[in-house]
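For reference, the structure discussed in these notes is given below.
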Amino acid sequence: MKHLLLHHKLSIAGIILGGVFGFFYWKFVGCSSGACIISSKPFNSIVYFSFLGYLTFNIFKKKKVS
């Protein structure tokens with residue numbers, strides 16, 4: 001478990017920071033009509049931004065040369 005966390009620490013940080021940003025996006029920007037798919041519910045916003053954080057932080061991951 002410790003090896004898994006150390007090996008994927010950038011991915012985990014991206015997921016957590018993306019989720020936090022998604023929550024704050026829902027809280028402060030949100031969607032007043034409820035018709036917005038991403039920002040109408042906090043769960044949708046957190047999941048979407050967590051995925052974006054994962055993708056963004058994986059850009060900085062170093063590739064292993066075999």
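Please treat every number below as a calculation from the coordinates, not as lab data. These figures come from a predicted structure and were not determined experimentally. So basically every Cβ, Gly included, is an ideal-geometry build from the backbone, and we count neighbours across all protein chains shown.
Values computed for the structure shown
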{"read-out": "Rounded tilt (10° steps) of 9-28 against the dominant C-alpha axis of the chain", "value": "10"}
{"read-out": "Calculated on alpha-carbon atoms, Rg and Dmax of the chain in Å", "value": "14.6, 52"}
{"read-out": "Full-extension gain in nm, residue 13 to residue 28, via 0.36 nm per residue minus C-alpha separation", "value": "3.2 nm"}
{"read-out": "Protection-proxy order for peptides 48-55, 33-40, each taking the mean of Cβ atoms within 10 Å per residue, highest first", "value": "48-55, 33-40"}
{"read-out": "Rounded tilt (10° steps) of 42-58 against the dominant C-alpha axis of the chain", "value": "30"}
{"read-out": "The chain - charge dipole about Cα centre, Lys and Arg +1 at Cβ, Asp and Glu -1, debye rounded to 20", "value": "380"}
{"read-out": "Additional length obtainable on full extension of the chain from residue 38 to residue 52, 0.36 nm per residue less Cα span", "value": "3.8 nm"}
{"read-out": "Value of [θ]222 nm, deg cm²/dmol, for the chain, DSSP H segments ≥ 4, -39500 (n - 2.57) each, nearest 500", "value": "-21000 deg cm²/dmol"}
